[in-house]
Structure formats: C-alpha cells, structure tokens
Amino acid sequence: ITEEQLAYVIPGALINRGTNEQRLAQFVLSGPGGRMLGRDVQWVLGADYRREAGNLTVDPLRTGGSPFLFGRTTGDVTLGGHYDAKELFAEMQVPLWHDRPWSRDFALHVAVRWSDYSSFDQNTSWQTGLRWQPTEELTLRTNYAEVFRVPTTAELYSRRRVAEDYFDVDPCGND
C-alpha cells in the first residue's frame, strides 16, 4: 500500500465534539415507622425529577471521504436530544423475627418505583427480598425484581445506520 493510499484510508486525527447535561431534583423522607417484634420498621418515600440532554457533532472527516468509514455523508452531522423523567418511589424493611436459634435477624424488604418519561411512556418497577442474619458474622440476602433500563440519550437520538462489511472483499484485489 502506498503512502497516498494509507492517507486516504486513515485521514488523521478525527475530533468529535459533544455535551452531556444532567439536572436533578430529589426529595426524600425516611426513618423508622413504628415497631414490629421489638424492632423498627424502616421506610423511605421520595420523588425525583431528572432532565438528561446531550449532543454530538461528528467530525466531517468521519462522515465522508473514506469508503472504510461508515455513514458516508458530506458536511457536519449533529445529533442530540433530551428527555425528562419524573419518579415516585417507596421502600420498606419489615422485621419478621430476631434473636432466635439460627436467626439473629430476619427481615422482608419491598420497594416500588413509578416513572414517567417524556421520551416514551410510564413504567412501574418493583422488588422484594429477604435478609437473613444467622450469626453476627454472616448475612444472606435474596432479591427478586422487575427492572427497567432507561435508554441513554445517544440510544434515543442517534441516527439509525446500516453497517456494511467492507472487509469481505480484499481492497487490493488479491482473491
């Protein structure tokens, strides 16, 4: 391969520019909420507001010029967007028993979270679990949960593209 061919395939330093922004507001109340079996029932109530925003301006050399770079276009490509999320949540830990043979402490944990996203829809997720402490030195936990992963701004607002595999064919023509 010649230096000119190499310079065409590898155009040099490519610089993308972008921003990520996150604004948060949270209100949380927590504490003991009564007693059960001589232990405190622990609880948490809260509300969140979150705004996530981001943008990306792709280097013009990355979007055009070489057949080995995906998404050939001309000029700058700017991607970006934002979404808002409002959430309410509650959690509680309830003692089931304590100070018994083979059980220093045993508790139930339950939680629920309701979310409303401006970019798609509402969602309610939850979890429940048990915490067992047979001795002072050993604690065992088990949890079951229905979870929801929020897409990133890049996943929501990136352009869809078809990736082509240019390397199935030898560019030098040597079968």
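The values are calculated or read from the model by the stated rules, or taken from the named source; none is laboratory data. None of these values were measured; they are calculated from a predicted model. Glycine also receives a Cβ, built like all others from the backbone with ideal geometry; neighbour counts cover every protein chain displayed. What goes into the accessible areas is simple: the full protein's heavy atoms, side chains included, and nothing from ligands, DNA or RNA. Shrake-Rupley method; radii C 1.70, N 1.55, O 1.52, S 1.80 Å.
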Next on the checklist: Quick check: at a probe of 1.4 Å, how many percent of the accessible area of the range 81-152 sits on carbon and sulfur atoms?
Outcome noted: 55 percent
Checklist entry - Which peptide among 129-142, 22-35 comes first, and what is the full order, when sorted by highest mean count of other Cβ atoms within 10 Å? => result 129-142, 22-35
Checklist entry - What distance in nm separates the simple spin-label points at residue 158 and residue 78, each placed 7 Å from Cα in the Cβ direction? => result 2.1 nm
Checklist outcome for this item: Distance in Å, no decimals, from the C-alpha centre of the range 82-114 to the one of the range 1-38 is 29 Å
Next on the checklist: Give me the net charge for the shell around residue 132: Cβ to Cβ below 12 angstrom, other residues only, Lys and Arg +1, Asp and Glu -1.
Outcome noted: +3
Item to check | Projected label distance in nm at residue 35 and residue 116, using a 7 Å step from Cα toward the beta-carbon | outcome: 4.0 nm
Item to check | Fully extended contour minus Cα-Cα distance, from residue 96 to residue 21, at 0.36 nm per residue | outcome: 22.6 nm
Checklist outcome for this item: Residue span residue 87 to residue 137: 0.36 nm per residue of separation minus Cα-Cα distance leaves a gain in nm of 14.3 nm
